[in-house]
Each structure stands twice: as C-alpha cells, then as structure tokens.
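Asks: Sharing a structure below in structure tokens format, with a few things to ask.
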C-alpha cells in the first residue's frame, strides 16, 4: 500500500522526540489491561492486572477513556485485554448483532470470554421523591413530562443504544438535555439541579443516594453482560494469564459489583485494593494489586511521567517552530500561510487533537496510545507561541542593523546566526516560555489516553468525586507551571546579560 | 576607485537618483552633499550593492558591482553610518572583530589590529568590553569607524557619521577623522548635509539635488563659481553664528 509522503524531517523529529518517551525501549512487553474512565471498569481492570501478576506476568493498567479508544487500542495491540459489555459490543463496536458473537470478534483477532456474572444495564434514574411527586414509576411515564431536565454523559448522548435510541423508542419529548460527566450528573440529580440521568444498574451511587431506577418497560436497552475481550495473541504469549482472567467468569454477582463500586465511589477506597480483596475472598487468589505507594512516591511518579510528556514535546516544538518562524519572517507570503496554519492548529480543541493523534501515531510509529500521541499533540499545540515570537523577534530587528551586517559583507546565514537570532532571542525565549506553561496544563489531558502524568489522578479524582485525589494532580501541575516560569525567568536574565 | 555610468534608481515608481555619471578617484576624499532626499545616501548604498541600479553600471576597481560581486566589494570597503549601526548585543570589541572572526582570521592578529585601531581612533581600551548601550555617542562612532577599518579596506564610506553628535564632540571628531583620512590615504566618500563639514573634509564636493548632480568641484568652486542659483542659495543657507555687536 502506498503511503502519502510526510515531510521527512518532521517525521524524524517526532520520532526522535518520542524515542525518549516511556515504554519504547522496553524489550519484554508487559501485559496491559485497559480500563474505561469509570469506576467499575477500573476495578475490573485492576482484577485483571492482579490476576495477570498472579500468573507471573508483568502487568499494568491503562486508562483510555471511552469505548472507541479502547477498541482501537485492543485491535492495534496497545492493550491486551479489557472488560467490556455485550450490549456495547453489538451496538457500538460491531454495529451488528451476529448470531455467533465470538466468531465475529475472532475475525478481528479478538477473543471473547464468557460472562463474568453480573449485568450492568443502562437505565434512566431519578430521585425517588421527585418521581413520586410527578407520578413517574417507569420509563414510559417520562413521555408526559416534557420539561424534565436531563443530564447524560457525552457517550450516552451519541450512542445509538443511548439517548437517541431510547428517545425514539419511547417517543420522549424532553429538549433540555445536557452532556456532562457521569459523577457530576449524579450530583446534579441529588441536588435537584437535574431530574433525569442515565445510570448503570451496578452503580454504587444508586444505593448510596437511594435513587429510583426506572424500569425499561418497552425493553429498549440491550443486556450488558460483563465479559473480557482479549487479543488472540495473548493466549499464545501468556496462556496462563488468559487462564487466570477467565477464572472470573460467572463469579461476580450484581450486588457484589454494586458493593465494590460503592466502596470506591462512596468510601473513596482505592480501586486496586477493592479488586484484590474481592479476588482473595471469592477466588482465594492471594494477588498483588497496583502498588499505591506513599503520596510522595505517587507524586514523584506522576511528575516523572508528566515531564516525559512536556520536555520531549517542547524540544520537538522548538526544533520545528524556530525554523518555521525564520521561514515566515523571510518570506512574507509563505509566512502568512505558516502563521495561519499554526494558528488554526491552536483552535482545534486540545482533547480532539489528542484523539486525532491516536491513529496518526499508530501509522507513524506503531503506538497509538500512551505517551506518543500525547507528545505529538502537545508538540503541535506548542508551535504557535514559538513560531509567532520567532517571526516577531526577527521582523523586529531594525533594518539599519540588518543592513549594517550586510555592509560588513556577512553572508545571509551568518547574519541570521550572529546578528538576527541573538537579537531576537529574548522574544523567542518568551514564546518558548508561554508554550511551556500551556504545555504543562494541556499535558494533563494526556490522562484521557493513558499517557500518565498529572492528568491521571485529576481524571480519576473527577470520576470518583474524590477531591484530595484531584488535588494530587492539580497542585503539582500548578507548581510545575510556576517552576517552569521561574526557570525561564532565570534563563532570560542570563541570556540578556550575556548577549 | 568607484565609477558610475548613467546610473538610475527608482523607488516606488519615482526616480530617486540619476541618471548620474560620476568618478570617485582613489586616495581622495569626496563629499556628497545636498538637502535631505536628494539621493546622496542612495548613491552611497549603490556603491556597495546594498541597492542595485535600475539602469546603468556601478563599478568598483574596474569591475561592475552586482549581487554576485557585492560581498567581495564589501570586504574591501568599510561602511560607517550615523550612530555607528553597532549591534547592541555585542561588545565594542566583538562588533569590531565580527567579520574578521567570521572569516577565521588569526586571533592574535585580530587582537593586535584592535589595539592598533583603538590607538588610531583614540578609543579607551577599557571601553572595548562594553556594549554599545554603555558607550557615549562619540565613542560609538569611534567603534563604528574601527569596525569599518578592521579589514584594512581600500575605501571608506561614511553616511552622516557625525550627524547625531553634540557640537563639541563633533568638532573634536571632525579634526580626528581628517587626520585619520590623511594618515591612511584611503579613498573616502562621505555624505553630509552640512557644508562646513563638507569643506572641512573634501578634496572634492559633489552637490546633489533631486537625484541629480548640480555641481562638482573643489569647495572653492561652490563658493566662488556656483553653477546655478540653487548652489548660491544652498551655500548661503549655511549661516555662521550671528553675534550681536
């Protein structure tokens, strides 16, 4: 197959920058268990990690956001297994309901485990007192209350087996529908800022907040039985891991899952611990979960991960943006195009750019999740301030000085190196400084695609509504931004003194 | 040393210079003078290829100055502009030696040449390691002159070199400059709008108006044998101090 040509040096730079990213140099690939960004998925993934370790394999968990990202990561080999639900497989992944689900998945190199035991169906939920007041007892009763305020997660809003489908089946009239985080939607309902949200029937919050789960009287929602999806080659690489994972089949009941979810959501307990305790009591597996370590140890680890996103992406951005800025300053017509293009990059929402980078990096270097796409997206995001300031710094060099250098007989490249770039250096440095600070903040979004860094505790904290956990990411991120500001302040002073 | 044959220069559709035919003889000091906008600075820029003529030929030492030859011409011609045109990020010494270092000249030879030039221009040795921002206007001008002379050029071009200085410094520097010109016996082309300064330096004066030569000759020719009424007016406009009795 022919590939479109990519500007070779750009590609080289990206690869160079990514060579320093974690995970690339490891020879023995650990078993990676994927998790979606909600508690139950994280608990199940932690069970997977503990079971894989019990089988003697090196294993870790990767939080990858929503279904499409996980499916992509699984088929591309970034993760080896993840817990999924049968309804999601047929409706969202395959968009078909084949008679033999296992065979349909096998065609894509993916194996399907047998159900773990519990169902986590979609349903709509309300406060019991609000529902009673309106006389609502089942989903079809919602038809008579068009003014109800609904809040759903974005994925539910988009999925054919989510809001669009349920609205069509029940002919629901509600128009006040917002997309929001699942945990926030629960808070909204509890505090009466919202009337209806989607619930998963194993959610710990249902019992915690004593919510009413509206019966699906027209039988719209499919059955969502929890199963393992794993790569066919995992059986070849680590047969004992597959064995251990499948020991969960038929072992988790709905009340057990609800209790575990509530332990994490309500009591703010650690997912790995909850998972390991379950394995111990139910399977008799004396497993080791992900080591949580001390607060200082965790912050040190996330700081390391964060710097591995920020530093390579910033260096790559400098290597690309300074030459671009020079070209833009030399060729005004081309310059307008360059400045416009990097400006346009900045208008892409950072999360969208991050997700867009998953297939791009898969194609470029064969790794579509984790640090590489995050570093690539951050690199693109850091271009604008550096290109713009390089351009401004160079065009700001007085004409008389340029001419003075020409009159000496210096060739153009020497003028650039000995006169123009040194004179523009403070402006260029200010651009790099801006890029660095933006970069530190934006890198927290790397948590969405398993890139690690401060985004991981922040996103898990939001999901669990665990403020200390959020701060565990947010405060170091702010401190790092301040530290980088201070560092550049020192560099700028040194540069202006030396000249 | 420099010759111009039917040279014309157009800026933004308007003729800025010429057509001009002019010889600038070797070893002599020629002063280009005229009101602002007369094209005297443009003429200077044409000599070292900072601008190219639209018509005609500019030649240096018998060979035409073109974009291809301009760099080699510039290495043999020193150029000084108002306020020195010094690079603010470099020390005085680094400004003076920039081109020599770029050419990879011997370090010791460079250091010796800087000392020689500092003595010639009476520049204080401790000022060599200061940046232009820390020097006085007169000192900056001396650094500009040292930089122009660094590679021992055949010719020296100066564009209003003393324009930004106060009268006392200016008078001192004028005297020193004339001494230097006489000692070095180089081809000098100096642009000024001050007739007093012109007559002080010039072997030959070229008076320009609207891009054309109105008169060329010795300073005395302008005073005593004006070519047209403009020359008379220009000469008379330069008044000395009017001291009441």
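Asks: Keeping to region A:169-190, report how many residues are at pLDDT 85 or above and over 20 Å from residue A:142 (Cα atoms).
Replies: 1
Asks: Let me ask something else about it. What is the residue count in region B:51-75 for residues that are touching a strand residue (DSSP E or B) at 6+ places or on another chain (Cβ under 7 Å) and either assigned by TED's automatic domain parsing to the domain that holds residue B:121 or more than 13 Å from residue B:7 (Cα to Cα) (or both)?
Replies: Taking region B:51-75 first, the residues touching a strand residue (DSSP E or B) at 6+ places or on another chain (Cβ under 7 Å) are B:51, B:53-60, B:64-65, B:69, B:73.
Remaining after also requiring either assigned by TED's automatic domain parsing to the domain that holds residue B:121 or more than 13 Å from residue B:7 (Cα to Cα) (or both): B:60, B:69, B:73.
Looking only at that region, the number is 3.
Asks: May I ask you to say which residue of A:495, A:397, A:387 is touching a residue at least 40 places away in the same chain (Cβ under 8 Å), at negative phi and surrounded by 17 or more Cβ atoms within 10 Å (Cβ to Cβ)? Reasoning before the result, please.
Replies: Values: A:495 fails: surrounded by 17 or more Cβ atoms within 10 Å (Cβ to Cβ); A:397 fails: touching a residue at least 40 places away in the same chain (Cβ under 8 Å).
Result: A:387 is the single residue among A:495, A:397, A:387 that is touching a residue at least 40 places away in the same chain (Cβ under 8 Å), at negative phi and surrounded by 17 or more Cβ atoms within 10 Å (Cβ to Cβ).
Asks: Follow-up question, since we're still on this one. Name the residues in region A:57-70 that are touching a residue at least 40 places away in the same chain (Cβ under 8 Å) and over 12 Å from the mean Cα position of the chain (by Cα), would you?
Replies: Of the residues in region A:57-70, the ones touching a residue at least 40 places away in the same chain (Cβ under 8 Å) are A:57, A:59-67, A:69.
Within region A:57-70, A:57, A:59, A:60, A:61 meet the criteria.
Asks: Right, another one. Considering only region A:262-271, I want to know if a residue exists there that is surrounded by 15 or more Cβ atoms within 10 Å (Cβ to Cβ), within 24 Å of the chain's Cα centre (by Cα) and within 22 Å of residue A:105 (Cα to Cα).
Replies: For region A:262-271, residues surrounded by 15 or more Cβ atoms within 10 Å (Cβ to Cβ), within 24 Å of the chain's Cα centre (by Cα) and within 22 Å of residue A:105 (Cα to Cα): absent.
Asks: Can you name the residue in region B:101-122 that is farther than 23 Å from residue B:136 by Cα and part of a loop (DSSP other than H, G, I, E, B) and is also nearest to the other protein chains (Cβ to nearest Cβ) among such residues?
Replies: If we take residues in region B:101-122 being farther than 23 Å from residue B:136 by Cα and part of a loop (DSSP other than H, G, I, E, B), then B:103 is nearest to the other protein chains (Cβ to nearest Cβ).
Asks: Examine region A:256-268 for a residue that is in a helix (DSSP H, G or I) and without any contact (Cβ under 8 Å) to a residue 12 or more places away in the chain, and state whether such a residue exists.
Replies: Keep residues of region A:256-268 that are in a helix (DSSP H, G or I), which gives A:256-265.
Restricting the remaining residues to those that are without any contact (Cβ under 8 Å) to a residue 12 or more places away in the chain gives none.
Within region A:256-268 (the criterion being in a helix (DSSP H, G or I) and without any contact (Cβ under 8 Å) to a residue 12 or more places away in the chain), the answer is no, since none of the residues qualifies.
Asks: Would region B:12-28 turn up any residue that is within 14 Å of another protein chain (Cβ to nearest Cβ), touching a helix residue (DSSP H, G or I) at 6+ places or on another chain (Cβ under 7 Å) and farther than 18 Å from residue A:400 by Cα? Before you say what the answer is, go through the steps one by one.
Replies: Of all residues in region B:12-28, those within 14 Å of another protein chain (Cβ to nearest Cβ) come to none.
Among the residues of region B:12-28, not one is within 14 Å of another protein chain (Cβ to nearest Cβ), touching a helix residue (DSSP H, G or I) at 6+ places or on another chain (Cβ under 7 Å) and farther than 18 Å from residue A:400 by Cα, which makes the answer no.
Asks: Within the set of pairs 6 or more residues apart or between chains, which connect a residue that is in contact (Cβ under 8 Å) with a residue 24 or more places away in the chain and assigned by TED's automatic domain parsing to the domain that holds residue A:434 inside region A:307-330 to a residue that is surrounded by fewer than 21 Cβ atoms within 10 Å (Cβ to Cβ) and not in a helix (DSSP H, G or I) with Cβ atoms less than 8 Å apart?
Replies: A:308/A:20; A:308/A:22; A:311/A:20; A:312/A:20
Asks: Filter region B:48-100 down to the residues that are at positive phi and not in a loop (DSSP other than H, G, I, E, B), then identify the one that is nearest to the other protein chains (Cβ to nearest Cβ).
Replies: We begin by selecting, within region B:48-100, every residue at positive phi; these are B:49, B:56, B:61-62, B:83-85.
Those left that are additionally not in a loop (DSSP other than H, G, I, E, B): B:56, B:83-85.
Details: B:56: 21, B:83: 9, B:84: 8, B:85: 3 Å.
Only one residue fits best here, namely B:85.
Asks: Then there's this: Given the residues A:78, A:62, which is the only one that is more than 28 Å from residue A:186 (Cα to Cα) and modelled with pLDDT under 90?
Replies: Values: A:62 fails: more than 28 Å from residue A:186 (Cα to Cα).
Matching residue, one of A:78, A:62: A:78.
Asks: Out of the residues in region A:419-442 meeting the condition of being in contact with a helix residue (DSSP H, G or I) (Cβ under 8 Å, 6 or more places away or on another chain) and within 12 Å of chain B (Cβ to nearest Cβ), tell me which one is nearest to residue B:89 (Cα to Cα).
Replies: The first filter runs over region A:419-442 and keeps only residues in contact with a helix residue (DSSP H, G or I) (Cβ under 8 Å, 6 or more places away or on another chain), leaving A:419-421, A:423-442.
Now drop any that are not within 12 Å of chain B (Cβ to nearest Cβ), which leaves A:419-421, A:423-426.
On the way: A:419: 8, A:420: 10, A:421: 11, A:423: 7, A:424: 10, A:425: 10, A:426: 11 Å.
Looking at the filtered set, the residue picked out is A:423.
Asks: Here is a check on your reading of the model: is residue A:199 buried (at least 21 other Cβ atoms within 10 Å of the Cβ) and in contact (Cβ under 8 Å) with a residue 24 or more places away in the chain? Talk me through it step by step, then tell me what you get.
Replies: Details: buried (at least 21 other Cβ atoms within 10 Å of the Cβ): yes; in contact (Cβ under 8 Å) with a residue 24 or more places away in the chain: yes.
Against the criterion (buried (at least 21 other Cβ atoms within 10 Å of the Cβ) and in contact (Cβ under 8 Å) with a residue 24 or more places away in the chain), residue A:199 qualifies.
Asks: Further, regarding this structure: Residues that are within 14 Å of chain B (Cβ to nearest Cβ), at least 1 per element: which helices (runs of 4 or more DSSP H) completely within region A:320-418 meet that?
Replies: Working: elements: A:332-347, A:350-365, A:371-395, A:399-408, A:412-415.
In region A:320-418, the matching helices (runs of 4 or more DSSP H) lie at A:371-395, A:399-408, A:412-415.
The values are calculated or read from the model by the stated rules, or taken from the named source; none is laboratory data. None of these values were measured; they are calculated from a predicted model. FYI the Cβ positions are ideal-geometry reconstructions off the backbone, even for glycines, and counts take in every protein chain you see.
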